[in-house]
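The values are calculated or read from the model by the stated rules, or taken from the named source; none is laboratory data. Everything numeric in this text was worked out from a predicted model, so none of it was measured. For neighbour counting, all protein chains shown are included, and Cβ atoms are generated from backbone atoms with ideal geometry for every residue, glycine included.
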Amino acid sequence: MLLFSFLFLLSLTALAYVVVLASLITALPFSPVIFPLALAAVGLAASVLSPFLGKCVNVSAAPTGWSTNQRPNILHFLNTYLLYTIVIPAALALLFLPPLQFGYHGLFHSGYIYQILSRGVPPENVTLPGYPANDYWPYHVYLAILVRLFDSPPPFVSAISNVVLMGMSFLWMSSLWKHFIRDASTPSAFYVIFPLLGSNLFYTLNVQIVNWISALPQAAPWLDFLRAADTRLDHPIIRFVNFNGFSVGIVFFLAALWTVDRLLRNRSERPASDFWLLAGLGAGALLYHATTGIFLFAVVAPSLAISLLMNDRYKLLFAKENWAAIAKHVTLAALFFLPVAVFLLRSASAMGVKTGFEMFSWGDVSSIFVVAYPVAVFFFPEMLRAWKEKDFPVIFLCLVALWGFALAICIHLPDGNEYKFMYLSGIAFFLVASLQIRVIVAKPGFWRKGLFAFLTGALIYHTAVGTWFFYDTYRRRHKAQIAYHGIHVDIIRDEFIPFAWIREHTPPETVIVQPWNSKDWNYGYFSERLPYVVAGHIYNEGIPETAIRREQIERLYDTSIPLQERISILREIMQSVSHPLAIIYPADNAFAAAMQTAFNSAVHHLGKQVDIYILRTP
Amino acid sequence: MNQAISGLARDLKIDIMKGLFVIGMVWSHVSGYTGVRENRWVDGAWNIFAVVTFSGFIFCMGYVMQISYFDQTPPPVQKMLRSTWRTLTGYYIAALGYFAIVRHEFDWPLIRNVLLLRQFGNISEFLLAFALIPLVSLALTRPIRYILASERRFFLAVFLLLMTPFIPVNFVHSPYLALFIGSSQGIYYPVLQYYVFFLLGAYYASREVKVGWMHIAISLLCLTIFVGAYVNNNMFSRFPPSFAWLVLGGGGFFLWYWVAERLSAWPFPTKILAPIGANSLFFLVTSNLMIFSTRETFRNAVGVSGASILALVILVASFALMRFVRPLKI
């Protein structure tokens, strides 16, 4: 199964690489070119890499269970597998309930996918049509392929993808754990799940403490420190639920850790192959989830370099006689990463907000504190042990954890995305801590068993609360009745009627002019057309056009503004985008008459409340 | 060689698996003909049986053919041809039975059309694929052995076959072509799209793959995704089969495979299920004829439990009929 997971990741990389490379040269339609191209890339990657990977991946990573000819030991079975059931409610809720599939950002991500399906790559910025995309759109290409494969809408295939990726994460973690404890038998589910879902283990307690102390007449000033923690780090189960590329990024990260671990344990016969494997995983991470990709290069790569320099075997690698070979590999790697770098730079330059450095941030320190403190007491003794015993793989993990946390404090990513650094560092932190927990629990003593029971209980509670939280939040957020048919989504409410009409009657490149609305509330994305401008996308803030369009929209729908002025705003809008326009406007006979005069545009009445005007740009 | 093979103890898990599929299929057919499928729960269960059963049968066929044909030197071609002929005869009986009993049609043009595969009998179309797949496999003996000999080639073939649902089949009007590559105009179980399960079954038999918990996890995940789609009213295309229909069905039937393996250790269920599976053609044809005959009596007259009891009665009656037969070697 690990081999399949590796193939999956490298196929994803090959797919994204081919599509990005092609899109740098020319715009491509999704069908008929992209789809066969993508499948060819996947098939090629699978057939070329399978023998190579078969040699690389020689550890049975999967929790395989007993063979069918053996009688199971039920206690051993329960001890090993039972805890996996804590993720079943989240998986079921996600697969069965469309509001949960939409999640927080699912609407505008769906917009990207529909755009790729109908208009190819590279997509436009779906929150600001006419501008280049400032998001990691290879992830959307991947989902667009799933949409075609399953003939299902983007939110549903995102849910399928997330559940599968969660399973893959368990696989990788299981294999990592086997490496670290040098035992090939199936690990207990606790050690597989804890590093992935244990982050910020006492979140609920922290919130309660803050609430209790805030209620006191004189609240302690240090409370502000706890309050400053990023709330997006609340429940790690959300990482495998939300409609975004982070779940893909996590699997890339775990595969990279696995490969590095293999290198550091001197298990590799051909280290150069492993470095190239890492390069492939790094490229995939950069293309599918840029934050994870940056983490791999800014945190994992330096940690690996330090660990290698400490390792006698690899000191020889950097000897003078190897410089030529190293230079050759570095040059080839630079060429390999060139299209990825161009893609990332283009996306970054299309953003209104930029990545920056900050000397110190109390908010980040607070976030790291709440993530790490529940297991810090286990982490540091394990780190000291690893240092004394020169256990390089564990030292490497410690470096990833600590350097990742430190970098999160010193860097400011758009939208405060450094919290993702903290989660990834937290995985390494919890993995190291788990090694010490295992040592403690293995010895006799009631308190040791009690400690394990407490941590298991806390993990179950944390995950259960997280599941309830996302269920409750998204169920209330998307209250409308939702119907899927094929790849389309219908929202059964009056406000969606114009969008359904637009989907049926306008060309795919149509831009919708509608009242000012957040990208995360705009069900208009299910019209499979783009809105002229939306609120709430921090990547667009700083792009002057966003403010201009916002003002245009606010004035257009302000009925106190004279009619002719509103018509002239529409002329401005027509000039700013080279797309047909669908204007959703409250029913207004005077406005309809003015539109008829100005643009010769017939009005389409949808009930008594809403009119739609279609304007085709010359 | 063949005698040596026939002397070995029969691996009953495939017979049990087929027995489970036959039970599911008879229940589904009865549900459809009595009208209880209007119940959403019944319809959901019906869809689960539908997605796993045919793919599962093809898997079993591949498994059995690997042992009884591809593994043999020389391969017993005549035995396979006889088996194909039996299946085709079974199909003709069921199809003509459908027209005579349900549609009250029986004339020479109709018989000619049925015999020439221009018209198909309801709930028996799948038998044609059961007849054609061994024929295709006989013709492709060497390539199939070549593919199965290497894991790399096998996975590449699986990958390519899983892409076949994307072949545009809207233009296919010929029923003969549709039997092989599918069509959007009619009910066909195309050989090409479902052949992946034949290869998978042959692969499992050739490598003696054991079913572990990972199989069960994947199977449950596939079925959950399928049910999730059903709950959201987003059903996958069955005719022609879509990628999702194939993949989720293929993942799903491993649960049946696992259950069959477990049951094969118990004598009681084995005694009941293995004969049903070993004589699946007989059960499918006789049960179809009984369903056609009882259709008017029970249509909209029974509930879910009534339909389930009727399915049980049909199975018991078929079982009894099977026991009445005394093979006489002259």
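Structural remarks
- Qualifying residue in segment A:446-456 (condition: under 30 Å from A:Leu397 (Cα atoms), under 28 Å from the mean Cα position of the chain (by Cα), away from chain B (no Cβ under 14 Å) and part of a helix (DSSP H, G or I)): yes
- Set B:Arg118, B:Arg86: member being more than 25 Å from B:Gly32 (Cα to Cα) and not aromatic (Phe, Trp, Tyr): B:Arg86
- Verdict on B:Ile133 being closer than 15 Å to B:Pro241 by Cβ, away from every other protein chain (no Cβ under 14 Å), in contact (Cβ under 8 Å) with a residue 40 or more places away in the chain and in contact with an Asp or Glu (Cβ under 8 Å, 6 or more places away or on another chain): no
- Among (1) out of contact with any strand residue (DSSP E or B) (no Cβ under 7 Å at 6 or more places or on another chain); (2) surrounded by fewer than 24 Cβ atoms within 10 Å (Cβ to Cβ); (3) farther than 20 Å from A:Leu345 by Cβ, the one test that A:Asn134 misses: (3)
- Unique match (being surrounded by 19 or more Cβ atoms within 10 Å (Cβ to Cβ) and within 22 Å of A:Ser11 (Cβ to Cβ)) among A:Leu286, A:Leu308, A:Leu304: A:Leu286
- Filter pass, A:Tyr484 being in contact (Cβ under 8 Å) with a residue 12 or more places away in the chain, over 21 Å from A:Leu570 (Cα atoms) and touching a Leu at 6+ places or on another chain (Cβ under 9 Å): no
Here is a yes/no grid of residues against (1) closer than 30 Å to B:Leu135 by Cα; (2) surrounded by fewer than 21 Cβ atoms within 10 Å (Cβ to Cβ); (3) away from chain A (no Cβ under 14 Å):
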residue	(1), (2), (3)
B:Leu192	yes, yes, yes
B:Ser206	yes, yes, yes
B:Gly212	no, yes, no
B:Ala229	no, no, no
B:Pro241	yes, no, no
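- The number of residues in segment B:243-262 being hydrophobic (A, V, I, L, M, F, W, C), surrounded by fewer than 24 Cβ atoms within 10 Å (Cβ to Cβ) and facing chain A (nearest Cβ under 9 Å) comes to 3.
- In segment A:230-240 there is at least one residue matching the filter, namely being within 14 Å of chain B (Cβ to nearest Cβ) and modelled with pLDDT of 90 or more.
- Across segment A:481-501, a minimum of one residue is classified as at pLDDT below 95, assigned to a loop (DSSP other than H, G, I, E, B) and within 30 Å of A:Arg550 (Cα to Cα).
- Within segment B:136-147, the residues that satisfy the criterion of being touching a helix residue (DSSP H, G or I) at 6+ places or on another chain (Cβ under 8 Å) and either away from chain A (no Cβ under 14 Å) or surrounded by fewer than 18 Cβ atoms within 10 Å (Cβ to Cβ) (or both) are B:Val136, B:Ser137, B:Leu138, B:Thr141, B:Ile144, B:Arg145, B:Tyr146.
- Set B:Val64, B:Val51: member being in contact (Cβ under 8 Å) with a residue 60 or more places away in the chain, part of a helix (DSSP H, G or I) and touching a Leu at 6+ places or on another chain (Cβ under 7 Å): B:Val51
- Only residues that are of a type outside the set (A, V, I, L, M) and in contact with a Ser or Thr (Cβ under 8 Å, 6 or more places away or on another chain) were counted in segment B:44-61, giving 4.
- Residue match in segment A:209-218 (condition: buried (at least 22 other Cβ atoms within 10 Å of the Cβ) and modelled with pLDDT of 80 or more): no
- Matching residues, segment B:110-120, being in contact (Cβ under 8 Å) with a residue 40 or more places away in the chain and either touching a Leu at 6+ places or on another chain (Cβ under 8 Å) or over 12 Å from B:Pro175 (Cα atoms) (or both): B:Leu117, B:Phe120
- Neighbours by Cβ (under 6 Å, 6+ apart or cross-chain): first from segment A:347-367, closer than 22 Å to A:Pro129 by Cβ; second surrounded by 17 or more Cβ atoms within 10 Å (Cβ to Cβ): A:Ser347/A:Asn134; A:Ala350/A:Asn134; A:Met351/A:Asn134; A:Met351/A:Tyr539; A:Gly352/A:Asn540; A:Gly352/A:Ile543; A:Val353/A:Pro414
- When residues in segment A:560-618 are screened for being touching a residue at least 24 places away in the same chain (Cβ under 8 Å), in a strand (DSSP E or B) and surrounded by 13 or more Cβ atoms within 10 Å (Cβ to Cβ), 13 of them pass.
- When A:Tyr523 is tested against (1) within 24 Å of A:Ala350 (Cα to Cα); (2) in contact with a helix residue (DSSP H, G or I) (Cβ under 7 Å, 6 or more places away or on another chain); (3) surrounded by 14 or more Cβ atoms within 10 Å (Cβ to Cβ), only condition (1) is not met.
- Qualifying positions in segment A:81-138 - under 21 Å from the mean Cα position of the chain (by Cα), over 24 Å from A:Ser11 (Cβ atoms) and not in a helix (DSSP H, G or I): A:Leu97, A:Gly103, A:Tyr104, A:His105, A:Glu124, A:Asn125, A:Val126, A:Thr127, A:Pro132, A:Asn134
- Segment A:457-492 - residue that is of a type outside the set (A, V, I, L, M) and within 14 Å of another protein chain (Cβ to nearest Cβ) and, of those, surrounded by the fewest Cβ atoms within 10 Å (Cβ to Cβ): A:Gln481
- Evaluation of B:Ser150 against (1) within 14 Å of chain A (Cβ to nearest Cβ); (2) surrounded by 19 or more Cβ atoms within 10 Å (Cβ to Cβ); (3) more than 30 Å from B:Tyr98 (Cβ to Cβ) (one fails), failing number: (2)
- A:Leu197 being modelled with pLDDT of 90 or more and either over 25 Å from A:Asp135 (Cα atoms) or of a type in the set (Phe, Trp, Tyr) (or both): yes
- Any chance B:Gln72 is farther than 19 Å from B:Val285 by Cβ, surrounded by 19 or more Cβ atoms within 10 Å (Cβ to Cβ) and modelled with pLDDT under 95: no
- Within segment A:96-116, considering residues that are surrounded by fewer than 24 Cβ atoms within 10 Å (Cβ to Cβ) and more than 26 Å from A:Gly542 (Cα to Cα), the one farthest from the other protein chains (Cβ to nearest Cβ): A:Pro99
- Residue check for A:Ser161: surrounded by fewer than 24 Cβ atoms within 10 Å (Cβ to Cβ), among the polar types (S, T, N, Q) and assigned to a loop (DSSP other than H, G, I, E, B): no
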